[in-house]
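Written out below as structure tokens is the structure these notes cover.
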Amino acid sequence: MKTKLSVNLNKIALLRNSRGRNYPSVEGFARKALAWGVAGITMHPRPDQRHATYEDVFELSKVVTEYPGAELNIEGYPTDDFLEVVLKAKPEQCTLVPDEPNQVTSDHGWDVKAQGEFLKPIITQLQDAGVRVSLFMDPDVDQISIVKDLGAERIELYTEEFASTYSDAGNTEVLNLYRKATEHALNLGLDVNAGHDLNLENLGQFLTIEGIAEVSIGHAIIVESLEMGFESTIKQYLQIIND
Ligand code: PXP
């Protein structure tokens, strides 16, 4: 199976919001990434809309239709406002994440043992609107077993533990934790996505785990793009000044 890349554009939205006009344009970067062959775009609007806004969700739901087979993945905690937007925009996938309103970034998966009853009707409501549902999960097989009963089609494995313990030689213990979680989910008939802190350095090793349907990557793509483009940009400015 070929793993798909969904590019998270929250950081482009954050830059744009810092100046109050549409530069850089989230739709523009989405179009570029899709034209270069990525399978999808991810946005994670938080309740304060400090980076991705609800308006972005509607705009991007139109943009992906210009690229056959492309998908929009909307992530977030299922507040009433969030659900209203997702049910109207109807992205191909919604990844439900158990984060607090002011959390800097997502830092744990769902405790479906405790919150399954809360999630079940939400999952059904999204699916009735034609939206595939994925639950953000830690690599915990007992928790993952319950996801199937809740009716979600996918899980997204929270990969921070893999990323923060990554070494070139491979951290076998942690990698096996993710491998076992993936195999367990696949055996249950769940598809498996993964995301958080994946980057150019650690992604290849993570994908030695077979069967990952999609990786969702944001922060590192933006940092790496800056690192790769900074020198050329500075030199072009100097050239203009020196000329
Ligand atoms: N998955 C979820 C649920 C997230 O909240 C995020 C960050 O917005 C990501 C994936 C992507 O993580 P990163 O920005 O570290 O690539």
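Read-outs: derived from the displayed coordinates by stated rules, not from any lab. This is a predicted model, so every value here is computed, not measured. Positions of Cβ are backbone-derived with ideal geometry, glycine not excepted, and every protein chain shown enters the neighbour counts.
Annotations for the structure displayed:
Conditions (1) part of a loop (DSSP other than H, G, I, E, B); (2) among the β-branched types (V, I, T); (3) within 22 Å of G195 (Cα to Cα), marked per residue:
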| residue | (1), (2), (3) |
| --- | --- |
| R21 | yes, no, no |
| P24 | yes, no, no |
| R46 | yes, no, yes |
| H51 | yes, no, yes |
| E55 | no, no, no |
| F58 | no, no, no |
| V63 | no, yes, no |
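- Top-ranked residue in the stretch 201-222 [being under 20 Å from D168 (Cβ atoms) and surrounded by fewer than 13 Cβ atoms within 10 Å (Cβ to Cβ); ranked as farthest from the chain's Cα centre (by Cα)]: T208
Here's the yes/no breakdown for (1) closer than 14 Å to Y67 by Cβ; (2) surrounded by fewer than 19 Cβ atoms within 10 Å (Cβ to Cβ); (3) within 16 Å of the ligand (Cβ to nearest atom):
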residue	(1), (2), (3)
M1	no, yes, no
K4	yes, yes, yes
N8	no, no, yes
A13	no, no, yes
N22	no, yes, no
S25	no, yes, no
A35	yes, yes, no
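- Across the stretch 185-237, the number of residues qualifying as assigned to a helix (DSSP H, G or I) and either touching a residue at least 40 places away in the same chain (Cβ under 8 Å) or farther than 23 Å from L15 by Cβ (or both) comes to 11.
- Single match in A114, A163, A129, A194 (criterion: within 14 Å of the ligand (Cβ to nearest atom) and surrounded by fewer than 22 Cβ atoms within 10 Å (Cβ to Cβ)): A163
- Failed item in (1) closer than 26 Å to S145 by Cβ; (2) touching a residue at least 40 places away in the same chain (Cβ under 8 Å); (3) in contact with an Asp or Glu (Cβ under 8 Å, 6 or more places away or on another chain), with Y77 passing the rest: (2)
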